[in-house]
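Colleague: Provided herewith is a single structure, encoded as structure tokens, for subsequent inquiry.
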Amino acid sequence: MNIFEIKESLLMAMAAIKTHKLRAFLTVLGVLIGVTTVIAMVSIITGLNRSMARQIESLGSNVIYVTKYKIGIQLGRRSEEERKRKPITFEDAMAVAELCPSVEAVSPQNWGPGPKTVKYKDNKVSQFELIGVLPEYEVVNNNYVEEGRFFTKSDVNYRAMVAVLGQDVAEALFPNLDPIGKQIKIGGRNFAPKRFIVIGIMEKRPSILGESQNNFVLLPYDTFKKLYPEEKELLLVAKPKSPELMEQAIDEITQVMRLRRGLSADKPNDFAIATQDDLMDMYRNITKAIYMVMVIISSIGLLVGGVGVMNIMLVSVTERTREIGIRKAIGARKKDILWQFLIEAMTLSGSGGILGIVIGLLLGKIVAAVSPLPAGVSLFWLVLGFSFSVSVGLIFGIYPAYRAARLDPIVSLRYE
């Protein structure tokens, strides 16, 4: 077919859709639902991926995490060997800092368990993270004090009763006051409320999946250990001297940890090392399940839509039998009739695809507006959604078009 014939077929297809608007809409409803599902879900997932990438980047471009278990493995899925592993200790962190020349700084971080509260006069916060850290925390975590100052080595060595607050805790305790220099009370399950002086407020970090990353109170590491002497297991966070030394730093940390744990060459690591890329891969694995559900739902919608297109095109062939006979009588070839109905089927399903794309984008924007979930979609998915919708028309329109092309012109002219 030449361009003129294609244009003519498109005009005829649009005229047929315009003549039977409701029928055309009901026919492509399945295609519309399938494409809408794809675009809406991709919009949300793409936005989440971008948000997660920004959040992980904010942790630092070259950060190494050393943990007892592999990040992302649930407790119920851990093997007996994993459950019996030695904890990551403060001594491990000091060994890494001393024996790994490619490592710039190490920050062991310890979390206070159980219920705890922090109070200032009548204001109180009960849901927050209480973390014991060293002065290297700022550098390693790429998170710095915005007001006041951070801990010094003297604060750690002398177990100073000082605290640095996350933005959420500071705003809850001091809604209209400068927190610096104020005295707060921190109490936990294992110790009575104790007084601390606020010396700093950390800069605000972006939320991740709607969950705030600023709801914490930091204490000098040795001060924390005085409150929680039984807490020996911690997270070790290290930062290489440069991004180029990342792999070398990981090798050095691995060697130090294996030596400290007495592992022979034939034994696997009984600890886990993760980087920024590992965290992002873990998140992508989570979203794969969502993509699978999305593909199944959209496939059902497209299948239903394809059956609808085939059905309505067969009806159209029957309704336009006399028209087909006239066209063949004045010289139309079989392939001309075939392409006429194929283009009409593709135009029909493609229209459903365009509507699905528009509605899917609107749904993504609405979700982003009324919830903390971000939204965004790439041109690739828009083109793919439209291509799938047109393909549905092509595949399910072949039989009706073939049937139309095979009609005998004399029989068709006699058809009433």
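Colleague: In this structure, is Lys232 under 35 Å from the mean Cα position of the chain (by Cα), surrounded by 15 or more Cβ atoms within 10 Å (Cβ to Cβ) and either modelled with pLDDT of 95 or more or in the same structural domain as Val96 (by TED's automatic domain parsing) (or both)?
Modeller: So Lys232 does not fit the description; no.
Colleague: Looking at region 57-67, is at least one residue within 30 Å of Val139 (Cα to Cα), modelled with pLDDT under 70 and assigned to a helix (DSSP H, G or I)? I'd like the intermediate steps shown before the answer.
Modeller: The initial filter retains those residues of region 57-67 that are within 30 Å of Val139 (Cα to Cα), namely 57-67.
If we keep only those that are modelled with pLDDT under 70 too, we end up with 57-61.
From what is left, the residues that are assigned to a helix (DSSP H, G or I) are 57-58.
There is at least one residue in region 57-67 that is within 30 Å of Val139 (Cα to Cα), modelled with pLDDT under 70 and assigned to a helix (DSSP H, G or I).
Colleague: Ile186 is checked against (1) more than 30 Å from Asn62 (Cα to Cα); (2) free of Cβ contacts under 8 Å to residues at least 60 places away in the same chain; (3) among the β-branched types (Val, Ile, Thr) and fails just one. What number does that condition carry?
Modeller: Condition (2) is where Ile186 drops out.
Colleague: Among the residues of region 336-372, which ones are of a type in the set (Gly, Ala, Ser) and either under 27 Å from Tyr402 (Cβ atoms) or touching a Leu at 6+ places or on another chain (Cβ under 6 Å) (or both)?
Modeller: Listed by number, the residues that qualify are Ala345, Ser349, Gly350, Ser351, Gly352, Gly353, Gly356.
Colleague: Pairs please, first residue from region 282-306 and within 14 Å of Val390 (Cα to Cα), second anywhere and not small (Gly, Ala, Ser) and not in a helix (DSSP H, G or I), Cβ atoms under 7 Å, 6+ apart in sequence or on different chains.
Modeller: Listed pairs, sorted by first residue: Gly305/Val28.
Colleague: Continuing with this model, one more query. Output yes when any residue across region 226-237 is in contact with an Asp or Glu (Cβ under 8 Å, 6 or more places away or on another chain) and farther than 19 Å from Thr152 by Cβ, and no when none is. Full working, then the answer.
Modeller: Looking only at region 226-237, we keep the residues that are in contact with an Asp or Glu (Cβ under 8 Å, 6 or more places away or on another chain), and these are 236.
Of the ones still in play, those that are also farther than 19 Å from Thr152 by Cβ are 236.
Yes, region 226-237 has at least one match.
Colleague: Being among the aliphatic types (A, V, I, L, M) and not in a helix (DSSP H, G or I) is true for just one of Ala375, Ala368. Which residue is that? Quick ask: steps written out before the conclusion?
Modeller: Values: Ala368 fails: not in a helix (DSSP H, G or I).
One residue alone meets the criteria, Ala375.
One line per residue, one yes/no per condition, for (1) under 17 Å from Pro220 (Cβ atoms); (2) modelled with pLDDT of 95 or more; (3) more than 35 Å from the chain's Cα centre (by Cα):
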site: Lys121; (1), (2), (3): no, no, yes
site: Val125; (1), (2), (3): no, no, no
site: Leu130; (1), (2), (3): yes, no, no
site: Leu134; (1), (2), (3): yes, no, no
site: Glu138; (1), (2), (3): yes, no, no
site: Asn142; (1), (2), (3): no, no, no
site: Glu147; (1), (2), (3): no, no, no
site: Val156; (1), (2), (3): yes, no, yes
site: Val164; (1), (2), (3): yes, yes, no
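Colleague: If you don't mind, there's one more thing I want to ask. Hey, could you check region 328-360 for residues that are of a type in the set (D, E, K, R) and surrounded by 18 or more Cβ atoms within 10 Å (Cβ to Cβ) and say which is modelled with the lowest pLDDT?
Modeller: Across region 328-360, the extreme among qualifying residues is Lys328.
Colleague: Mind listing whichever residues of region 316-342 are assigned to a helix (DSSP H, G or I) and among the charged types (D, E, K, R)?
Modeller: Answer for region 316-342, where residues must be assigned to a helix (DSSP H, G or I) and among the charged types (D, E, K, R): Glu319, Arg322, Glu323, Arg327, Lys328, Lys334, Lys335, Asp336.
Colleague: Still on this model: Check Phe396, Phe388 and return the single one that is among the aromatic types (Phe, Trp, Tyr), closer than 19 Å to Trp339 by Cβ, surrounded by 18 or more Cβ atoms within 10 Å (Cβ to Cβ) and outside the structural domain of Ser212 (by TED's automatic domain parsing).
Modeller: Residue meeting the stated conditions: Phe396.
Colleague: If you don't mind, another one. Out of the residues in region 277-289 meeting the condition of being surrounded by fewer than 14 Cβ atoms within 10 Å (Cβ to Cβ) and among the hydrophobic types (A, V, I, L, M, F, W, C), tell me which one is farthest from Phe341 (Cα to Cα).
Modeller: Ile286
Colleague: Condition (residue is more than 30 Å from Glu211 (Cα to Cα) and part of a loop (DSSP other than H, G, I, E, B)) applied to region 380-397: is it met by at least one residue?
Modeller: no
Colleague: Please go through region 72-86 and give me each residue that is surrounded by 13 or more Cβ atoms within 10 Å (Cβ to Cβ) and at pLDDT 70 or above, ordered by number.
Modeller: Glu82, Arg85, Lys86 - these are the residues of region 72-86 that are surrounded by 13 or more Cβ atoms within 10 Å (Cβ to Cβ) and at pLDDT 70 or above.
Colleague: Please go through region 168-204 and give me each residue that is more than 30 Å from Pro229 (Cβ to Cβ) and surrounded by fewer than 19 Cβ atoms within 10 Å (Cβ to Cβ), ordered by number.
Modeller: Residues satisfying the conditions are Glu171, Pro175, Asn176, Leu177, Asp178, Glu203, Lys204.
Colleague: Of everything in region 99-146, what is among the hydrophobic types (A, V, I, L, M, F, W, C), under 18 Å from Gly166 (Cβ atoms) and assigned to a strand (DSSP E or B)? Give them in sequence order.
Modeller: Trp111, Val118, Val125, Leu130, Ile131, Val133, Val145
The values are calculated or read from the model by the stated rules, or taken from the named source; none is laboratory data. The structure presented is a predicted model; accordingly, all values stated were derived computationally and were not measured. Using ideal geometry, Cβ is built from the backbone for each residue, glycine included, and neighbour counts are taken over all protein chains shown.
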